[in-house]
Amino acid sequence: MRILVVEDERKVADFIRRGLEEEGYGVDVLPDGSDAGGQAAVVDYDAVVLDLMLPGRSGLQVLRDIRARKPRLPVLILTARDSPEDRVVGLDSGADDYMGKPFALAELSARLRALLRRGEPRETVLRLADLQMDTTRRSVHRAGRAIDLTQKEYALLEFLMRHSDRPVTRSHIIEHVWDIHFDSVSNVVEVHINALRNKIDRGSAPLIHTIRGVGYMLTDRPPL
C-alpha cells in the first residue's frame with residue numbers, strides 16, 4: 001500500500017512518514033502543492049494525506065486537481081484549519097475525511113484503514129495454495145504454521161499475494177512497498193525477497209519465483 005503525504009511542516013511530515021512506514025506502508029512526501037496533483041495522477045497511490053495550507057498551490061486546489069483526474073482516490077485532509085466551516089468546505093470539495101491538528105498518529109492510521117476499506121473491494125484473507133494471510137489480524141500462516149514477518153516483509157508479501165500468478169517488476173515493488181526517494185541501485189528488494197523465501201518457502205514447495213529479466217512472481221504453478 002502506497003500513501004502520498006503532502007505536508008510542508010517537515011517535523012510533521014517526518015512523524016507521519018515514520019509512523020506509516022512502521023505499519024508497512026510505502027510513503028512519499030511532498031513539501032508543497034505545486035506538483036502534488038500531477039504526481040497523484042501518474043503514480044498508483046492507495047490514498048493521499050493532504051494539508052490545506054501549502055506553498056505553491058493550496059490544499060483545496062490540489063484536492064480539485066486530484067478529483068478531476070482520479071475521482072476515486074481516497075483523500076484525507078489533515079490541517080490546523082479545523083473550524084466547522086473549514087470542514088464543510090473541505091468535504092464539499094471532495095475530501096473523503098477531515099482531521100484537525102494536533103492529531104494522534106493512531107487515529108490517522110485508523111482513519112486511513114477505514115478509507116482503504118471503503119474503496120474498491122479488497123479481500124481481507126488472501127490465500128495461495130497452503131499460504132494464508134489475514135490482513136485484518138495481520139497474520140500469516142503456511143500449512144497451519146504461523147510465520148513471523150517484519151513490517152516490510154509483510155508489506156512485500158501482501159503486494160505479491162494481491163498480484164499472485166502475475167509477474168511484478170522490481171520497480172513496481174519499489175513504488176508500492178518503498179517510496180520515490182528509495183535508491184533504485186540498492187539490493188534491498190532482493191534482500192527482502194530472500195528473507196521471505198527463508199520464512200515462506202523453507203521446507204515447502206517454493207511459491208516465490210524469480211522471473212529472469214522481469215522480476216518476481218508468487219505462484220504455486222511453474223512460472224513460464
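Worth a mention:
- P(r) tail, segment 1-117: Cα-Cα pairs separated by more than 24 Å, 13% of all pairs.
- For segment 59-123, the list of GluC sites (Glu not before Pro) that fall in a loop by DSSP and count at most 10 other C-beta atoms within 10 angstrom reads 123.
- Inter-part distance where segment 183-220 and segment 90-117 are each reduced to a Cα centre, Å: 34 Å
- In segment 55-172 the Cα-Cα distances spread across 5 Å bins starting at 0 as 2, 9, 15, 16, 16, 13, 12, 9, 5, 3, 1 percent of all pairs.
- Under 30 Å from the Cα of residue 70 - lysines, other chains or at least 8 residues apart: 11, 101, 152
- Pairwise centroid distance, computed over Cα atoms, of segment 51-69 with segment 163-177, Å: 29 Å
- When 49, 42, 214 are arranged by Cβ crowding within 10 Å, least crowded first, meaning fewest neighbours, the order is 42, 214, 49.
- Helical content of the chain, expressed as a calculated mean residue ellipticity at 222 nm, amounts to -11000 deg cm²/dmol (DSSP H runs of 4 or more residues, -39,500 (n - 2.57) each, divided by residue number, nearest 500).
Read the figures in this text as sums done on the coordinates, not as results from a lab. These numbers come from a predicted model, not from an experiment. Positions of Cβ are generated from backbone atoms using ideal geometry, with glycine treated the same way; all protein chains shown enter the neighbour counts.
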